[in-house]
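The values are calculated or read from the model by the stated rules, or taken from the named source; none is laboratory data. Since the structure is predicted, the reported quantities are computational estimates derived from the model, not experimental observations. Neighbour counts run over all protein chains shown; Cβ positions are idealised from the backbone, glycine included.
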């Protein structure tokens, strides 16, 4: 397995994996994915046996990004590393890919910021993600409804 920075050639595959991962991540279009490629502090992919196995997009404060969850952290934290989205393909689950990406993102923040943040769906529930984040040392600091009340998320942090 190899973790590399995303390239323009990866974006169509990443978008398909993102779509396959809805509702655990929100659906976005190719323009939004290109925006992430140009603006994210961290946008890396994992390939296993030549196939896209996963990706993680991490943001720092100060971006003109409309996500209500990113905005919440921007309004409540001076600095942070925000995990906007992470996805692992169905064929690559339980191989430690998500954990590798989280460690790699945390490493990219080392010496610059002392907290990593994310959100986990409460409604619709993503119980496996909540268990994973709690096992990794994330704690819930708040919750909020999004999408006009259709979703509720736990806003979480992990001290680095």
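Condition check: touching a residue at least 24 places away in the same chain (Cβ under 8 Å) and in a strand (DSSP E or B). Does residue 46 satisfy that? Yes. Counting just the residues of region 1-35 that are part of a strand (DSSP E or B) and modelled with pLDDT of 95 or more, which one comes out nearest to residue 102 (Cα to Cα)? In this case the residue turns out to be 3.
Evaluate the following for residue 92: is it touching a strand residue (DSSP E or B) at 6+ places or on another chain (Cβ under 7 Å), modelled with pLDDT of 95 or more and farther than 20 Å from residue 120 by Cβ? Spelling it out, it is not the case that residue 92 is touching a strand residue (DSSP E or B) at 6+ places or on another chain (Cβ under 7 Å), modelled with pLDDT of 95 or more and farther than 20 Å from residue 120 by Cβ.
Here is a list: 105, 80, 73, 43. Which entry is at pLDDT 95 or above, closer than 14 Å to residue 14 by Cα and surrounded by 13 or more Cβ atoms within 10 Å (Cβ to Cβ)? Criteria check complete, one pass: 43. Put simply, of 157, 127, 145 the only residue that is buried (at least 17 other Cβ atoms within 10 Å of the Cβ) and either without any contact (Cβ under 8 Å) to a residue 12 or more places away in the chain or within 14 Å of residue 70 (Cα to Cα) (or both) is 157.
Does residue 89 fit the bill of being more than 15 Å from residue 158 (Cα to Cα) and touching a residue at least 60 places away in the same chain (Cβ under 8 Å)? Yes, satisfied. Only a single criterion out of (1) in a helix (DSSP H, G or I); (2) at pLDDT 95 or above; (3) more than 18 Å from residue 9 (Cβ to Cβ) is not satisfied by residue 38, namely (3). For region 49-63, the set of residues classified as free of Cβ contacts under 8 Å to residues at least 24 places away in the same chain and surrounded by fewer than 17 Cβ atoms within 10 Å (Cβ to Cβ) consists of 49, 50, 62, listed by residue number. Kindly evaluate residue 17 against the criterion of being under 16 Å from the mean Cα position of the chain (by Cα), over 27 Å from residue 154 (Cβ atoms) and surrounded by 11 or more Cβ atoms within 10 Å (Cβ to Cβ). For residue 17, the condition - under 16 Å from the mean Cα position of the chain (by Cα), over 27 Å from residue 154 (Cβ atoms) and surrounded by 11 or more Cβ atoms within 10 Å (Cβ to Cβ) - is not met.
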